[in-house]
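The values are calculated or read from the model by the stated rules, or taken from the named source; none is laboratory data. All values derive from a computational prediction rather than experimental measurement. When we count neighbours, we look across all protein chains shown, and the Cβ atoms used for this are built from the backbone with ideal geometry, even at glycine. Note: accessible area is taken over every heavy atom of the protein model, side chains too, but ligands, DNA and RNA are not part of it. Shrake-Rupley method; radii C 1.70, N 1.55, O 1.52, S 1.80 Å.
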Amino acid sequence: YGMNVSDVRALLDSSPGGMQVSEMIEGQRRFPIAIRLPQKYREDMHALGNINLQAAGGGLVRLNQVARIGTTRGPEVISRENGQRRIVVQANVRGRDLGSFVAEAQRKMRSLDLPPGYFITWGGQFENQDRALKRLAIVLPASIAIILGLLYATFGSWPQALLILMNVPFAFVGGIAVLWLRGMNLNLSASIGFIALFGVAVLNGIVMVSYINQLRAAERPLHEAVVEGASLRLRPVLMTALVASLGFVPMALSQAMGSEVQRPLATVVIGGLITSTLLTLYILPVLYPWFSRRSHNA
């Protein structure tokens with residue numbers, strides 16, 4: 001018929017949704033001005049197919065002579081990324097941790113046979129969490145190694161440095177236990193809380209061991225130095241633990257917007273301080289003779 005595809009598209013642009021031709025400004029608001037076909041043409045495919053187009057020679061051609069008109073399913077919006085079409089499927093995970101949910105979804109998706117050219121990527125919060133956990137897998141051991149090095153530089157003894165570092169696993173057990181009791185998952189926020197917890201737990205051990213070492217340097221017998229040091233350092237250790245834990249209580253009990261990030265972090269710190277403080281006050285003095293150099297008058 002000597003017609004171009006653009007001629008047909010120009011007609012179709014004005015048929016269902018309307019083609020914007022101008023814009024009306026009313027104060028701070030803007031309203032598009034569009035033209036479109038009458039309603040009887042938009043609702044009836046047969047009537048839509050009888051619309052006339054002007055051919056190159058001046059004659060009239062019906063739309064159904066140059067196009068197939070029908071109803072079909074398709075995406076409402078076609079998104080693209082890096083020149084490829086993309087469809088996003090979103091989900092809100094509740095009642096379980098994000099990592100296990102995605103792992104189960106990935107197992108089920110492996111059984112699907114995707115058409116050629118299709119592939120699946122997992123993003124959103126899971127992608128951010130996965131990237132952050134990989135960094136924490138490096139940062140967490142590095143933090144413990146740095147703490148151990150600083151302890152050795154402070155006391156000049158690897159056994160005593162390891163003795164104080166024993167607070168770390170006890171603090172870890174307490175944090176995990178309280179998370180389980182509150183029905184929370186080990187997520188990125190809780191993992192960051194462990195880093196803060198380890199610092200406070202090690203600080204309490206330093207307070208206890210350094211004072212016992214001072215008594216030993218004053219020529220006090222080993223057993224007497226351990227008993228007196230544990231008794232006199234009871235109040236400072238409890239004060240340090242209580243100040244740190246009570247400061248996190250509002251975060252642990254908060255129900256406000258954004259509290260889902262704060263609660264796991266605060267819960268880990270509070271629970272870990274409970275177990276690490278018990279270790280510092282009781283088990284650490286008991287193990288001190290095994291990890292310290294005995295003097296001749298002991």
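May I ask you to verify whether ARG85 is touching a strand residue (DSSP E or B) at 6+ places or on another chain (Cβ under 8 Å) and basic (Lys, Arg)? Yes.
Report, by residue number, each residue of the stretch 133-164 that is over 30 Å from GLY95 (Cα atoms), open to solvent by 30 Å² or more (accessible area, probe 1.4 Å) and in contact (Cβ under 8 Å) with a residue 40 or more places away in the chain. Of everything in the stretch 133-164, those that are over 30 Å from GLY95 (Cα atoms), open to solvent by 30 Å² or more (accessible area, probe 1.4 Å) and in contact (Cβ under 8 Å) with a residue 40 or more places away in the chain turn out to be SER143, ILE144, ILE147, THR154, PHE155, PRO159, LEU162. Collect the residues in the stretch 55-90 that are open to solvent by 70 Å² or more (accessible area, probe 1.4 Å) and closer than 17 Å to GLY123 by Cα, keeping them in residue-number order. Result: ARG80, GLU81, ASN82, GLN84, ARG85, ARG86, ILE87, VAL88, VAL89, GLN90. Counted as qualifying within the stretch 3-96 are the helices (runs of 4 or more DSSP H) with 2 or more residues that are among the aliphatic types (A, V, I, L, M), namely 5-13, 45-49.
When each of ALA230, ALA218, ALA252 is tested for being open to solvent by less than 30 Å² (accessible area, probe 1.4 Å) and within 30 Å of PHE291 (Cβ to Cβ), the lone residue that passes is ALA230.
Checking the stretch 258-275 against the condition returns no match, with no residue being more than 24 Å from GLY183 (Cβ to Cβ), more than 25 Å from the chain's Cα centre (by Cα) and of a type in the set (Val, Ile, Thr). Which residue pairs have Cβ atoms closer than 7 Å, lie 6 or more positions apart in sequence or on different chains, and pair a first residue in the stretch 67-80 that is at pLDDT 85 or above with a second residue that is surrounded by 10 or more Cβ atoms within 10 Å (Cβ to Cβ) and among the acidic types (Asp, Glu)? From the stretch 67-80, no pairs qualify.
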